[in-house]
Amino acid sequence: MSGSESNIGGLLAQSARQMQQNSNGQMPARTTVQTSAPVKAVNTGVAILKQQMVNQLPKKDVFAVVLMSIAKAFIDTGTKEISEADRNYLVNELTGNIIKRYPAIRLNEIPEAIWQGVRIRFGEYYGMSLVTFERFIEQYLLSDKRTGLVKALPCDDAPKPAPDLQIQFETATENALRALQRKRDKKDVSAMSTSVYNFLDSIKLLSFTIREKNDMMADATRELIEELKYKQLLVPYIERAAIKKDIEAYRDAITEHTPVTAEQLTLVKMRAKKLALDAFLNNIILEGDDLGGLIDGRRDVFLQD
C-alpha cells in the first residue's frame, strides 16, 4: 500500500472535516486525498456502470474513496471516534474485501452504498463495523435499482473479433506469471485461480492424479462448509435456512456421496482449482523452477488446440 495508507488517522480526520459540510450523499467536488484516477461527478444510471470496475483500478484509488466514505458515515451518524488501530483495520480490510468480493462495483457507487446504508435503506444495522459496511455494499448491489441498471446497460452492438491463439497464449502466460508473483508476495490469487488453472491444465502442465483431485474436491467442500457456517452467523435470520440447506448438501456429498446442484458443484470445482493451483505454484517456488520456460515449452500444445 502507498504511504498515504500508513496515516489513516490523519486522512480520516481530513476527510471528516471536508464531508461535514457535504450532507447530500454525493462525493465532494474536491478533496485533499489525491488519487491517480479521481472520482468524477457523473450522472446517475448506466453512465456509472460504464466506468471501470474497482478490480481494474489502482488499490490506492479505491482506498481513498473508502476512507472518505467511512469518514462521512461517522460524521453523518454522530458515531463516537474509534481508535487508530481500529481505523487502520476497518479501512484497509474494507478496501481489500470490496476489491476481492465485490469486484464489479464502480468507484462512484461505494459512497452511495454506504450513504444509503447508514440511512437504513437496507434495514437495521448494529454498529459501524467491517461487517456492517460490507453488508451495505452487498445490499446495494442486490437492490432493485442497481440490478435494474445492470439490465438496462446497453450491449455493445459491434462484435469484437477474438484474439488469435498466439495472443491468447501470451495473455494467459502473463496471467500465470502474475499469479506466481502474487503467490511469492503472499497475496491472494482467488480472482484469477480458475482461469490460470484451466490454462495450465490445457497445456498439460498439471499432473495431479485422480486421487489427488478427489482429495482437493473434498477439501474444497470442507472449506465451503466452514465459510457458510461463518456466513450463517452474519446474515439476517430469514436467510439462514437456505444456508443451512447448502451446508447439509455439502456434508451429505462428503459422507454419503450424494449429488449436489449444478451451482454447488461449480463452486466446489472453482475452490478445488484454487487449491490445486496453490499447490502447483508452491511447488514451483520450492523447486525454483522457471514457470515461464515451462509454459513456453508447451506453446505448441496450446496452438494445436
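The values are calculated or read from the model by the stated rules, or taken from the named source; none is laboratory data. Everything quoted here is computed from the prediction, not taken from an experiment. Note that we place each Cβ from the backbone using ideal geometry, even for glycine, and neighbour counts take in every protein chain shown.
Structure notes:
- Index of the failed condition, I75 passing every other in (1) modelled with pLDDT of 85 or more; (2) within 30 Å of D185 (Cα to Cα); (3) of a type in the set (V, I, T): (2)
Condition check ((1) touching a His at 6+ places or on another chain (Cβ under 9 Å); (2) among the basic types (K, R); (3) more than 30 Å from E174 (Cβ to Cβ)) across all residues:
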| site | (1), (2), (3) |
| --- | --- |
| A220 | no, no, no |
| Y230 | no, no, yes |
| A241 | no, no, yes |
| K245 | no, yes, yes |
| D252 | no, no, yes |
| T266 | no, no, no |
| K274 | no, yes, no |
| I285 | no, no, no |
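- Within the stretch 243-263, one or more residues are touching a Pro at 6+ places or on another chain (Cβ under 8 Å) and assigned by TED's automatic domain parsing to the domain that holds A172.
- Among (1) closer than 25 Å to M192 by Cα; (2) outside any loop (DSSP other than H, G, I, E, B), the one test that L149 misses: (1)
- Filter result for D144 (surrounded by fewer than 17 Cβ atoms within 10 Å (Cβ to Cβ), closer than 30 Å to T77 by Cβ and either of a type outside the set (K, R) or in the same structural domain as P111 (by TED's automatic domain parsing) (or both)): yes
- A residue that is closer than 23 Å to Q56 by Cα, assigned to a helix (DSSP H, G or I), out of contact with any strand residue (DSSP E or B) (no Cβ under 6 Å at 6 or more places or on another chain) and of a type in the set (S, T, Y) occurs somewhere in the stretch 129-140.
- For beta carbons closer than 6 Å, sequence separation of 6+ or different chains, a first residue in the stretch 103-129 that is within 19 Å of D86 (Cβ to Cβ) and assigned by TED's automatic domain parsing to the domain that holds I48 and a second that is among the small types (G, A, S) and surrounded by 12 or more Cβ atoms within 10 Å (Cβ to Cβ), the qualifying pairs are I114/S69; I114/A73; V118/A73.
- Hey, D61 farther than 25 Å from K145 by Cα and at pLDDT 90 or above or not: yes
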